[in-house]
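Enquirer: Could you have a look at this structure, given as structure tokens, before my questions?
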């Protein structure tokens, strides 16, 4: 991609951030993002919700509020249009839940269904949250449990169903709006959301952009039910190995961190939580807010230190 330079472009490609931010005036900036992917669950309505929640998440990670959304659809002509109707209904309901407006979209014929959104959000130019401002001494908070990649792999293998799979779908379909509201409430230094690059991939991008290192306590990472069990069995999606290969020289694991935990930390997530860096003095009120308002598991998972030889240290 060519380097884009503009006084109005507050966030572009340089730091691998979640979305672009463009300043309209002294009071208003727009956030622009898009995302879409193939089905990860059998229920088309739930798939639509998850894909929409995933797309909306980038706006929350940047400190904004979703305003408008447009559908991005690929759909084969061999499937019933009732399936497409349910996918779009799921997406529309999730956009409505976010307080945004679904105003159109575009559909093309393809061999495999794909769905997501292009989303426009609003934010005050002085309240943009990027992934590039984590500071030494900050604490790191994760607002959703990990495990969606591993558990969806187990689901595809016919090894996960019932209540545990319903829990996975519920977590993926949960908006990051409440997590973002708490972020606004206390003020944070940096944020990103955890998706296909895995927990460590997105943590690496934040640490690199901020010119710091992270120390992560693997024992405090929140995980969904059965994640460890299936990780130990080797039900690891291919994306986790790609993430691991790309990041291997940037991360140091202590000898006490087992292989299955390493795999979980590289596991590509779908519609994961926010990963927040904030002054440790603000952590207590934020955690109190989450205790009262969040419906998914969250935790303090590490701290920010001065830049070291490695970008991330896992203990």
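Bear in mind these aren't lab numbers, they're just calculated from the coordinates by the rules spelled out. It should be emphasised that the depicted structure is a prediction, and the values quoted were computed from it without experimental measurement. In this analysis, Cβ positions are derived from the backbone assuming ideal geometry, glycine residues included, and neighbour counts consider all displayed protein chains.
Enquirer: Order these peptides, 171-178, 108-115, by their mean beta-carbon neighbour count within 10 angstrom, highest first.
Expert: So the peptides 171-178, 108-115, ranked by packing, come out 171-178, 108-115.
Enquirer: Something else about it: If you take every DSSP beta bridge whose two residues both sit in the chain, what share of them, in percent to the nearest 5, is antiparallel?
Expert: The antiparallel proportion sits near 75 percent.
Enquirer: Of [x] 270; [y] 139; [z] 170, which is the value of volume of the Cα convex hull per residue in Å³ derived from the coordinates here?
Expert: [y]
Enquirer: Count the DSSP beta bridges whose two residues both fall in region 191-315, then state the antiparallel fraction as a percent rounded to the nearest 5.
Expert: Around 55 percent of the beta bridges assigned by DSSP in region 191-315 are antiparallel ones.
Enquirer: Still on this structure: Could you list 183, 233 so that the one with the fewest beta carbons within 10 Å of its beta carbon is first and the one with the most is last?
Expert: Placing the least packed residue first, the sequence is 233, 183.
Enquirer: Can you tell me how region 176-315 classifies by the Cα gyration tensor, rounded, prolate or oblate, using a/c under 1.5 as the rounded cut?
Expert: oblate
Enquirer: Of all DSSP beta bridges located in region 9-127, what percent are antiparallel, nearest 5?
Expert: Percentage antiparallel, nearest 5: 75.
Enquirer: Averaging sequence separations of C-alpha pairs under 8 Å and six or more residues apart, then dividing by the length of region 9-127, give the relative contact order as a whole percent.
Expert: 38 percent
Enquirer: Picking from 168, 103, 11, which is most flexible by a Gaussian network model of the chain using Cα springs under 10 Å?
Expert: Ranking 168, 103, 11 by mean-square fluctuation puts 103 first.
Enquirer: So, one more: Normalising by the residue count of the chain, find the relative contact order in percent from Cα pairs under 8 Å and 6+ residues apart.
Expert: 24 percent
Enquirer: At 0.36 nm per residue, and after removing the present C-alpha to C-alpha distance, how many nm does the segment from residue 256 to residue 93 gain when stretched out fully?
Expert: Stretched out fully, the residue 256 to residue 93 stretch lengthens by 54.2 nm.
Enquirer: Can you sort 45, 246 so the residue with the fewest Cβ neighbours within 10 Å comes first?
Expert: Ranking 45, 246 by Cβ neighbours within 10 Å, fewest first, gives 246, 45.
Enquirer: Under a point spin-label approximation (7 Å from Cα along Cα-to-Cβ), what is the residue 122-residue 220 distance to one decimal in nm?
Expert: Inter-label distance under the simple model: 3.7 nm.
Enquirer: What percent does the relative contact order of region 139-314 come to when contacts are Cα pairs within less than 8 Å and at least six residues apart?
Expert: In percent, rounded to a whole number, it is 49.
Enquirer: Go ahead and estimate [θ] at 222 nm for the chain from helices alone: -39,500 (n - 2.57) per DSSP H run with n ≥ 4, summed, over the residue count, rounded to 500.
Expert: -11000 deg cm²/dmol
Enquirer: OK, next. Going by average Cβ neighbours within 10 Å, how do the peptides 140-149, 50-59, 253-262, 281-290 rank, with the highest at the top?
Expert: Most protected by this proxy first, the peptides run 50-59, 140-149, 281-290, 253-262.
Enquirer: Now a separate question. Nearest 0.05, what FRET efficiency do residue 291 and residue 82 give at R0 = 41 Å with Cβ-Cβ as r?
Expert: E between residue 291 and residue 82, to the nearest 0.05, is 0.50.
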